[in-house]
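Worksheet: one structure, shown below.
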Amino acid sequence: MHTMWKGSISFGLVNIPIKLYAATEDKDIKLRTLHKKCHSPIQYEKKCPNCDEEVKADEIVKGYEYVKGKYVVLTEEELKEIKDEHEDKTVEIIDFVKMEDIDPIYFSRSYFIGPGENGGKAYGLLREALTKSGKIGIAEITIRSKQQLAMVRVYQNCIVMETVHYPDEVRNVKEVPSVPENVEVGEKELDTAIMLIDQLTTTFEPEKYKDDYRLALQELIERKVNQDEGKTPTEAAPRQNVVDLMSALQASIEKTKKPQTKAKPKAKPVKAVGDDSSSPTPTSTVGTTGKKTKTVRKKA
């Protein structure tokens, strides 16, 4: 079991080193949101609607909306200062009360408390004292920067801490609409209702209660997996991007190719007009290659 908090329990001058463990776990089946077309998980980006741009982690700050559309910004330094001032690694028991004095509406979450190093004897002392007195301790603790009210009690052979809501966190029942104040109930109907309650009254056995919806959903998922109905996200989009990129690169290469030109014919010897000399006289002409070549003139 993973230790989620280390500290101590104190009441009076007694201080007990302890470790805190989550006593409950959420067993809801988590379903991912997929794209129906390709079965890829949907991503949700952090985007500013005003600037119409994606916001990076270092561009995000904390703020409190005190009126509609108006915020006060709280810096990380300010939040850390308050956290350091109020974070105390102690479960301080300030009162002892009877369990029946607390309405279950105040209950929030349960934690197992185990003894820390060299805390076994003091741990056992507190457990026996709570059991024999029939009382529970009311304490204050800070978990994850949140100060919480809690009650410390014995569950089976372990000390348990239940975080409870502060009174101002429980809404006023008078705000519930349409709750009747006084209703006249016939004696016969009331007796029948009480008889039904008596017939259904039993000893609480938590093992017999099950989450039927979760079990049915889990069975459906396992059946689909066994029938090889699993879907793998297709890679059509990435492949299309690669094809488009290759096409663009190929087109660019074709565009930069120079067209092939035919070789120019070599220049023929030019016969001088009015040249009657009978002896061949060498002259120079420039050929297609730019080099000088010799030609022979013959007599007419």
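Less than 5 angstrom separates the built amide H of Gly116 from those of Ile18, Lys19, all sequence-distant by 5 or more or on a different chain.
Among the protein heavy atoms of the range 91-208, carbon and sulfur supply 53% of the accessible surface, probe 1.4 Å, non-protein parts ignored. Each other residue within a Cβ distance under 15 Å of Tyr166 adds +1 if Lys or Arg and -1 if Asp or Glu, for a net charge of -3. A simple count of charges around Lys46, restricted to other residues whose Cβ falls under 11 Å of its Cβ and scoring Lys, Arg +1 and Asp, Glu -1, yields -2. Based on every Cα atom in the range 44-98, Rg and the maximum pairwise Cα distance Dmax equal 18.4, 57 Å.
Remark: accessible surface ordering of Arg32, Arg109, Arg171 (largest first) is Arg171, Arg32, Arg109, probe radius 1.4 Å. Normalised size of the range 160-206, defined as Cα radius of gyration per 2.2 N^0.38 Å with N residues, equals 1.86. Loop-located GluC sites (Glu not before Pro) in the range 26-85 (DSSP state not H, G, I, E or B) with no more than 14 neighbouring Cβ atoms inside 10 Å: Glu45. Here the Kirkwood formula puts the hydrodynamic radius of the range 1-115 at 20.1 Å, using every distinct Cα pair. Hey, which of these cross-link pairs are over 27 Å Cα-Cα: Lys19/Lys56; Lys47/Lys224; Lys27/Lys224? Pairs exceeding the cut-off: Lys19/Lys56; Lys47/Lys224.
Relative contact order of the range 28-72: 17 percent, from C-alpha pairs under 8 Å at least 6 residues apart in sequence.
Taking amide H as placed 1.01 Å from N in the peptide plane, the amide H of Leu74 sits under 5 Å from that of Lys62, Gly63, Tyr64, each at least 5 places away or on another chain.
Over 30 Å apart at the Cα level, from the set Lys6/Lys135; Lys80/Lys121; Lys30/Lys135; Lys80/Lys174, are Lys80/Lys121; Lys30/Lys135; Lys80/Lys174.
Couplings 3J(HN,Hα) for the range 63-68, derived from phi with the Karplus relation 6.51 cos²θ - 1.76 cosθ + 1.60 (θ = phi - 60°), are x, 10, 8, 7, 9, 4 Hz, where x marks Gly and Pro.
Full extension of the chain between Leu74 and Asn15 yields a length gain of 17.7 nm, computed as 0.36 nm times the residue separation minus the alpha carbon distance.
The values are calculated or read from the model by the stated rules, or taken from the named source; none is laboratory data. Just so you know, these numbers come straight off a predicted model, no measurement behind them. All Cβ positions, glycine included, derive from the backbone under ideal geometry; neighbour counts span all protein chains shown. When the accessible area is computed, the model is the full protein with side chains, heavy atoms only, and any ligands, DNA or RNA have been set aside. Shrake-Rupley method; radii C 1.70, N 1.55, O 1.52, S 1.80 Å.
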